[in-house]
Amino acid sequence: MDFVKNYYSEIQFNTPQENTAPEELPLPILETLLDTKDIFNVLELGCGNGWLSNRIAQNYPSLTVTGIDIVSENVSYAKQTSNKIFPADFFEEDIMTTDRTADLTVSIGALHHMPEFTMEQTISKAFDCANRFSFIGLYHKESRDTMLEWFNQFPTHTWYDIFTGMTQYIKDEKQRESWFKDQFYNPFEQSVTLEQVKDICAEKNVQLITSNISTDSTSDNVRKKLNKKSFTSGFIYFLIDKTETYLEHLRDERLLKERVNQIREEDPFIYR
């Protein structure tokens, strides 16, 4: 695990040069969930530089928001950029040993970078930390494999230029470089299938509310996006409910699924 920790200490993934907290929360599923007003605290597992926790705290000031990460540099940056009026709390802490819990746990792009644990173990831990809901984003096997296969048709020395052309919405070059290194040169990653997620949910006796994909056969869609010069990391996002009460607050599940799918199209950060 130390080699993963050291790597992300060096690249400072997704950290822009400007020292300001982000102002918007372009995550429709989280907005939908948090707007139910039945969540009082949020725990982000693997918060990185803290941008998501800071956004939630800033946009939902009534919530208690906590982020944990094993990289001290990330935690320091997150604290520095935390909104002074509506701050989130950040701690240098291991996901797999934390005893923290919250109404909602969030983890995006962290649980698949843990070499000492299986995907089942890390996902289960995120569920265990949740009193009610858990929203998780991970590398999806077929989507991820297809993305890497697509780039492998080109010489490696051209990848960054191709990536740059696909990510013009990133205005900070330091941020783009760190994201590129995370995507193509991270020291360890795993991936998961939708069927595995369903099996884990069944084993943990939790309800899978929705996912951004409905099938594990995603290659064609991923290639189409890449051929149109739209970068995709190859992610699966899913929301679970441990209490089976969520749909009482949002009965139109179709609307929720539509808003989940907006993540890939609208979020200009890492949710692609």
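No lab work stands behind these numbers, since they all come straight from the coordinates. Just so it is clear, the structure is predicted and the values come from calculations on it, not from any experiment. Glycine also receives a Cβ, built like all others from the backbone with ideal geometry; neighbour counts cover every protein chain displayed.
Need one word for the range 1-142: rounded, prolate or oblate. Basis is the Cα gyration tensor (sqrt eigenvalues a ≥ b ≥ c); a/c below 1.5 gives rounded, then a/b vs b/c decides. It is oblate, given that a/c is not under 1.5 and a/b is not larger than b/c. Taking θ as phi - 60° and the Karplus parameters 6.51, -1.76 and 1.60, the scalar couplings of the range 220-228 work out to 4, 5, 5, 4, 4, 5, 5, 5, 8 Hz in sequence order, x denoting glycine and proline.
Given a cut-off of 26 Å, name the pairs among K141/K181; K5/K228; K5/K174; K125/K224; K125/K174; K181/K224 whose C-alpha atoms lie farther apart than that in the structure shown. Going by Cα-Cα distance, K5/K228; K125/K224; K125/K174 fall outside the 26 Å limit.
Cα centroid separation, the range 165-221 to the range 55-118: 19 Å. Computed from the C-beta positions of E92 and K204, the FRET efficiency with R₀ = 25 Å rounds to 0.35.
Once you order the gyration tensor axes a ≥ b ≥ c over the Cα atoms, which shape class does the range 68-181 get: rounded for a/c under 1.5, otherwise prolate or oblate by comparing a/b with b/c? Each step should come with its number before you reach the end.
On the way: a/c = 2.42, a/b = 1.41, b/c = 1.71.
Verdict is oblate for the range 68-181.
With the simple spin-label model, which puts each label point 7 Å out from Cα in the Cβ direction, the W159 to S62 separation comes to 4.6 nm. Three principal axis extents describe the C-alpha atoms of the range 2-266; from largest down they are 50, 41, 34 Å. Each label was represented as a point 7 Å from its Cα along the Cα-to-Cβ direction; for K84 and N186 these points are 3.4 nm apart. Restricting the range 82-142 to GluC sites (Glu not before Pro) that sit in a DSSP loop and have at most 13 other Cβ atoms within 10 Å of their own Cβ leaves E116. Between S230 and E31, the distance separating the two model label sites (each 7 Å from Cα on the Cα→Cβ line) works out to 1.8 nm. Measuring r between the beta carbons of E120 and S76 and using R0 = 30 Å, the FRET efficiency lands at 0.40.
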